[in-house]
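These notes concern the structure reproduced below.
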Amino acid sequence: MQQAQEFCVALITTPSLDNAQQLARILVSEHLAACCNVVPAVYSYFSWKDALHEAQEALIIVKTHRNLLAALEQRVSELHPYDVPEIIALPLEASAEPYLKWLHEVLKPE
């Protein structure tokens with residue numbers, strides 16, 4: 001039986017749908033993520049260099065293992081066009097056992 005707490009959901013915003021799709025493909029193909037969902041349009045309001053900014057961005061919802069977070073963050077930072085990419089990881093509290101089994105099989109986080 002897999003423990004849900006071994007896994008997490010990471011949220012990553014990008015400046016465009018194309019960029020989000022490219023990052024999602026890389027993260028899955030390099031086994032840093034089992035699955036990425038791309039939400040094509042989110043509206044972000046944020047403070048940057050003491051000014052309010054507004055931007056339409058794409059959001060990547062990444063399912064991964066906690067042990068892969070450092071590698072995922074490094075890879076995203078290498079590829080991301082922002083100086084400070086948003087990479088936020090949230091703990092997975094619960095999930096269906098078959099989904100957890102699939103996550104473990106795909107990610108092989110040993």
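The values are calculated or read from the model by the stated rules, or taken from the named source; none is laboratory data. Given the structure is predicted, the values throughout are model-derived calculations rather than measurements. Every residue, glycine as well, gets a Cβ built from its backbone with ideal geometry; the counts of neighbours run over all protein chains shown.
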> Any idea which residue in the range 44-73 is farthest from the chain's Cα centre (by Cα), counting only those that are farther than 16 Å from T14 by Cβ and surrounded by 11 or more Cβ atoms within 10 Å (Cβ to Cβ)?
Replying inline: N67
> Of the residues that make up the range 81-89, is at least one surrounded by 11 or more Cβ atoms within 10 Å (Cβ to Cβ), touching a helix residue (DSSP H, G or I) at 6+ places or on another chain (Cβ under 6 Å), among the small types (G, A, S) and farther than 11 Å from T14 by Cα?
Replying inline: yes
> Which one of these does E105 not meet: (1) surrounded by 10 or more Cβ atoms within 10 Å (Cβ to Cβ); (2) touching a residue at least 24 places away in the same chain (Cβ under 8 Å); (3) closer than 15 Å to A4 by Cα?
Replying inline: (2)
>> A89 - would you say it is aliphatic (A, V, I, L, M) and part of a loop (DSSP other than H, G, I, E, B)?
In response: no
>> Looking only at residues that are farther than 19 Å from L107 by Cα and in contact (Cβ under 8 Å) with a residue 60 or more places away in the chain in the range 13-43, which one is surrounded by the most Cβ atoms within 10 Å (Cβ to Cβ)?
In response: T14
> In this structure, does A41 turn out to be touching a Phe, Trp or Tyr at 6+ places or on another chain (Cβ under 8 Å), modelled with pLDDT of 95 or more and not acidic (D, E)?
Replying inline: no
> Yes or no: L68 modelled with pLDDT of 95 or more and touching a helix residue (DSSP H, G or I) at 6+ places or on another chain (Cβ under 8 Å)?
Replying inline: yes
